[in-house]
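Worksheet: one structure, shown below.
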Amino acid sequence: MAAVSITDRAAKRIKEILAAENRDGQGLRLKVVGGGCSGLQYKVDFDMEKAGDRIFEKEGARVLVDMKSLLYLTGTELDYKEGLMESGFVFQNPNVKRACGCGASFTV
């Protein structure tokens, strides 16, 4: 099992965004940073691979994770949800012990 798994919907959306923004050779960088009301939050951006990154790939979509963030993300499933009120990447992270009320930050 990969440390970070990617659903079909997430892989499709990553590839769509990269193509629309002409970001050849880049991947989705998934990072855990300090902040939010519970102490940690996810940061998502598109970036080039850096030394020390772990690369997780599905159907040509790449997710880049630095080693520090990987400590908090092991076992996480990256999905993409589309809804009437909001759309975006969703994280099913088994390491989260508690999330804040707004769902933007968490503790492990």
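The values are calculated or read from the model by the stated rules, or taken from the named source; none is laboratory data. What you see is a predicted model; the values in this text were computed from it and never measured. No Cβ is skipped: glycine too gets one built from the backbone with ideal geometry, and neighbour counts run over all protein chains shown.
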- With a cut-off of at least 2 residues that are in contact with a Gly (Cβ under 8 Å, 6 or more places away or on another chain), at pLDDT 95 or above and of a type in the set (A, V, I, L, M), name the strands (runs of 3 or more DSSP E) lying wholly within the stretch 32-71. 61-65
- Flagged pairs (Cβ under 7 angstrom, 6 or more apart or on separate chains; first in the stretch 30-43, farther than 24 Å from Ala61 by Cβ; second in a strand (DSSP E or B) and basic (Lys, Arg)) are Ser38/Arg98
- Note on the structure: For the stretch 70-92 the number of residues that are surrounded by fewer than 17 Cβ atoms within 10 Å (Cβ to Cβ), polar (S, T, N, Q) and either within 19 Å of Val32 (Cβ to Cβ) or touching a residue at least 24 places away in the same chain (Cβ under 8 Å) (or both) is 2
- Tally of residues being assigned to a helix (DSSP H, G or I) and aliphatic (A, V, I, L, M) across the stretch 72-82: 1
- Item | Val65 in contact with an Asp or Glu (Cβ under 8 Å, 6 or more places away or on another chain) and touching a residue at least 24 places away in the same chain (Cβ under 8 Å) | yes
